[in-house]
Structures are given as C-alpha cells and as structure tokens.
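**Student:** Handing you a structure now.
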Amino acid sequence: MTAGLDALMGDIDPAVSRILDRAMSGSEITPEEALTLFVTRGKELHAVLKTADAIRQEKNGDAVTFVVVRNINFTNICYTGCRFCGFARRKDEPEAEFLSLEEIARRAEEARQRGATEVCIQGGLHPNIPGTWYRDILTAIKNRVPDIHIHAFSPFEIQYGSDKMGVNAETFLRMLKDHGLGTIPGTAAEILDVEVRRTLTKNKLSAEAWIDIVKTAHRLGIRSTATIMYGHVDCPKHWAAHFKTIRDIQKETGGFTEFVPLGFIHQDAPLYLDGQARPGPSRDEHLKMHAVARIFLNGWIDNIQVSWVKLGPRMAQYVLKAGGANDFGGTLMNESISRSAGAPYGQEVTPVEMCRMIRDIGRVPARRNTLYEILERFDNHDPNDLGHLVPLTEEQAALR
C-alpha cells in the first residue's frame, strides 16, 4: 500500500480499512464486503476511490484505452416491452426503422474507411425477421469489409434468433461464428436478479439464460463484455450479487474482456415515466460502481470501462481520474439506443477529441482493438498529431 493510502487507512472505519487493505494485498473481497464499500460516505468513500485508483495504476499504468468503432442499430422495431427502454418502436410508428443488408454493409464499409477496427451491431427484436437474419448481417458485412471485427448481438438477440430457427444457443452461436462473428456484447444483463428483471423486462430473458448463453459463447471462443445497468429499481445488495455472478463466470471461462457499468437513462424510459424508478444514479453511485468493480474484480477482469454516452464526457473523465476505470469505450459513430431513452450527449466523440479528454486528466491515450491489444499509444502531447485516426467527412469538416 502506498504511503498516502497508509495514512488514509488509519483515519477511517476499521472495517472498511481491513477490506481495502486485503484488496490491496491481492485478496478477493466477498459480496458482503462489497456491500460495505457500496454504502461508504465521506472519508471512507474517499479511501475506496483511492484504493481503486491504486489498483488501476498497478494493472493498467497511465494508459487510458479506447476503440474506434461504429454502432449500427439495424432496427428499432421491437415488441418485447422492456420498461427501461425508450428505443423500441412498433412497425407502424413514424420513427420505426429497419436497415437493409445493403445499408448495414455500406455503413460498415464507411466505418472502416474512417478508421474503425470494429462495428457493433445490435437491434430490436423485430417480430418478422427470420432467425437467419443475424447470419445474413454477418455475411453482408464480411463480403464488403472482410477485415473488420464484428462485435454483435446481445444474449437476448441470440436467444431470439435461436428460438426463431428452432435450434439451441450453441448451434446458433456456432453458425454465427462460422459467418464472421468475433465477439458479443454482454448487454441485456441489466441486473442478474429475478425480482429486478421481472420489473425491468418481465424476465423475458432470465438471468439463467443470460448466464448460459454467455458461458456457451465463451466456451466456443467467442469472448464478450460484461455489463450492469444500475440506478432504477435496484440497490447495493443487487449490485454486489451481480458482481459475484460476473466474477464466478470469469473464473470458469475467462471470456470477459471488460466490465462496463451502464447508468440508467431515465428521461424517456417508461419505468420512470410511470413513477416506478428513480431518476438514474447519483454522482457518488457512478463513482462507487466503477471503483468497487475495480476492487471486486481485481485479478479477474482488469479493464473497467466508462460509458461516456451514459455518463456524459465530463463525468466519464472524472470517473477515469478518480474511480479506478482505465477505458473510455468507443468513438461509436451513430449510437442511438441511449439517445432514444433521453441521453443528452452526442452520438460520436472523435478519436482526436477522446485523446484530448484523456490528456486533460493527465493520462496517456492508447488506441486498442476489441480484445484490448494496444494498436498505438499517443505519448506525444501535440493535439494535431492524431488526424490520421479518423479522417473527417466533408460535412464534419465544414462544421469545424
């Protein structure tokens, strides 16, 4: 433990100090201990944040990573009825959108031309698509852009597609991998608790099904992210139990690339508009979620990502600086799910802007790929040395 932390530990609740001291020594903390950390305030919370940041420094150094990626939300037509979602539309609504395979492939090609190494593909559960549609998306992209990494299809989409085809999840995932699927997003996890999921989604994708699909993907060599969505009808006991589930999966499979806390965007979510959810997480809850994740998952998942779309760029910077996170996520290009739920932030932060924000907090920007292999570091502090990353379109250049 550093000298500064030693002094801090001597001035806080001994129970919290013991937990943090064990964490710094490399010992795992229990869900009960995580719950203790989640309810800290004042000096104790400050000590939690300092410990998380010290572990981040040990594991990741001064680099803050990011990936150049385009989100392609291929349809917002969905009949699932998740009560936290402001994205879904019925087929006959004016805002309904369903992209053709040609348009999906065109957007992937455009992303590659703009420097993207990854496309992230997700969409609503359209009632009329065949299960083969997911395979067809992969084929269309790979025929057009063979070298791009495809990060696609949440466990909910995988369950939906496999049910549509009348096959099990393993068979479906094998087919997707054979047609170019690289990794899957660990979204649709929300909170892996039965009662919470009944409120959020009527448990249409159970916690057990999410876990089984993710483990199956990992077993097939398809890695994934891990996520949590917090700040709605949940509380710290749910967070601690969720963390344990994620850590247990990682111990078994080693398949998670990163952990991504996703704050609830409440503004246009039906659950909030009906008065059943609180208005998203507080500032301290954002900090605690990332910091306790860093401490709890230490040695198992060493990449903790901030979602600038959920947090906003300034809060994301603050969490990177104070809360133990080391990854800024993706440049995105066209993310629309959070915007549909009322997130006030833009759909794209360019790599140049991302590097500037990272440097503003005294860290070193580093561009990575989906699997966290570093492609280049930007130790040079000249803000003009980054234009090669993603050339601006003529329309963007005109707005500068």
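**Student:** Of all residues in region 247-268, which are among the β-branched types (Val, Ile, Thr) and not in a helix (DSSP H, G or I)?
**Tutor:** Restricting attention to region 247-268, the residues satisfying the condition of being among the β-branched types (Val, Ile, Thr) are 249, 253, 257, 260, 265.
Those that are among the β-branched types (Val, Ile, Thr) and not in a helix (DSSP H, G or I): Thr257, Val260, Ile265.
**Student:** Among the candidates Arg70, Arg56, Arg41, Arg107, which residue alone is in contact (Cβ under 8 Å) with a residue 12 or more places away in the chain, buried (at least 16 other Cβ atoms within 10 Å of the Cβ) and more than 21 Å from Thr331 (Cα to Cα)?
**Tutor:** Working: Arg70 fails: more than 21 Å from Thr331 (Cα to Cα); Arg41 fails: buried (at least 16 other Cβ atoms within 10 Å of the Cβ); Arg107 fails: more than 21 Å from Thr331 (Cα to Cα).
Of the residues listed, the single one that is in contact (Cβ under 8 Å) with a residue 12 or more places away in the chain, buried (at least 16 other Cβ atoms within 10 Å of the Cβ) and more than 21 Å from Thr331 (Cα to Cα) is Arg56.
**Student:** Now a separate question. Looking only at region 32-44, which residues are within 24 Å of the chain's Cα centre (by Cα) and farther than 20 Å from Glu258 by Cα? Walk me through it before giving the result.
**Tutor:** First pass over region 32-44, keeping only residues within 24 Å of the chain's Cα centre (by Cα): 34-35, 37-39.
Listed by number, the residues that qualify are Leu35, Leu37, Phe38, Val39.
**Student:** Collect the residues in region 157-171 that are crowded, with 22+ Cβ neighbours inside 10 Å and either closer than 23 Å to Val67 by Cβ or of a type in the set (Val, Ile, Thr) (or both), keeping them in residue-number order.
**Tutor:** Correct list: Glu157, Ile158.
**Student:** What number of residues within region 217-238 are of a type in the set (A, V, I, L, M) and under 22 Å from Cys85 (Cα atoms)? Show your work before the answer.
**Tutor:** Within region 217-238, the subset of a type in the set (A, V, I, L, M) is 217, 220, 222, 226, 228-229, 233.
Within this subset, residues satisfying the condition of being under 22 Å from Cys85 (Cα atoms) are 226, 228-229, 233.
The total comes to 4.
**Student:** Here is a further query. So is Ile137 surrounded by 15 or more Cβ atoms within 10 Å (Cβ to Cβ), without any contact (Cβ under 8 Å) to a residue 60 or more places away in the chain and within 28 Å of Thr350 (Cα to Cα) or not? Give the steps one after another, and end with the answer.
**Tutor:** Numbers: surrounded by 15 or more Cβ atoms within 10 Å (Cβ to Cβ): yes; without any contact (Cβ under 8 Å) to a residue 60 or more places away in the chain: no; within 28 Å of Thr350 (Cα to Cα): yes.
In short, no.
**Student:** Next question. Would it be correct to say that Val292 is more than 23 Å from Ser154 (Cα to Cα) and modelled with pLDDT of 95 or more?
**Tutor:** Working: more than 23 Å from Ser154 (Cα to Cα): yes; modelled with pLDDT of 95 or more: yes.
It is true that Val292 is more than 23 Å from Ser154 (Cα to Cα) and modelled with pLDDT of 95 or more.
**Student:** Checking the structure you have, find out if any residue of region 282-296 is without any contact (Cβ under 8 Å) to a residue 40 or more places away in the chain, surrounded by 21 or more Cβ atoms within 10 Å (Cβ to Cβ), part of a helix (DSSP H, G or I) and in contact with a strand residue (DSSP E or B) (Cβ under 8 Å, 6 or more places away or on another chain).
**Tutor:** Yes: one or more hits.
**Student:** Could you check Leu176 against (1) crowded, with 22+ Cβ neighbours inside 10 Å; (2) in contact with a Leu (Cβ under 7 Å, 6 or more places away or on another chain); (3) over 21 Å from Thr257 (Cα atoms) and say which number it fails?
**Tutor:** Failing condition for Leu176: (3).
**Student:** Evaluate the following for Val260: is it in contact with a strand residue (DSSP E or B) (Cβ under 7 Å, 6 or more places away or on another chain) and either at positive phi or β-branched (Val, Ile, Thr) (or both)? Before you say what the answer is, go through the steps one by one.
**Tutor:** Details: in contact with a strand residue (DSSP E or B) (Cβ under 7 Å, 6 or more places away or on another chain): yes; either at positive phi or β-branched (Val, Ile, Thr) (or both): yes.
Criteria met by Val260.
**Student:** Could you list, in sequence order, all residues of region 223-246 that are crowded, with 23+ Cβ neighbours inside 10 Å, assigned to a helix (DSSP H, G or I) and out of contact with any Leu (no Cβ under 6 Å at 6 or more places or on another chain)?
**Tutor:** Across region 223-246, the qualifying residues are Trp239, Phe243, Ile246.
**Student:** Can you name the number of the only condition in (1) of a type in the set (Ser, Thr, Tyr); (2) farther than 30 Å from Pro14 by Cβ; (3) modelled with pLDDT of 95 or more; (4) surrounded by fewer than 21 Cβ atoms within 10 Å (Cβ to Cβ) that Thr80 fails?
**Tutor:** Answer for Thr80: the failing condition is (3).
**Student:** Consider region 182-206. How many of its residues are assigned to a loop (DSSP other than H, G, I, E, B) and not polar (S, T, N, Q)? Full working, then the answer.
**Tutor:** Looking only at region 182-206, we keep the residues that are assigned to a loop (DSSP other than H, G, I, E, B), and these are 185-193, 202-206.
Keeping just the survivors that are not polar (S, T, N, Q) gives 185-186, 188-193, 202, 204-205.
Residues meeting the conditions: 11.
**Student:** Restricting attention to region 351-379, which residues are farther than 20 Å from Thr257 by Cα and in a loop (DSSP other than H, G, I, E, B)?
**Tutor:** Here is the first cut: in region 351-379, the ones farther than 20 Å from Thr257 by Cα are 351-364, 378-379.
Ile361, Gly362, Arg363, Phe378, Asp379, listed by residue number.
The values are calculated or read from the model by the stated rules, or taken from the named source; none is laboratory data. Given the structure is predicted, the values throughout are model-derived calculations rather than measurements. Ideal geometry is used to build each Cβ from the backbone, glycine not excepted, and the neighbour counts take in all protein chains shown.
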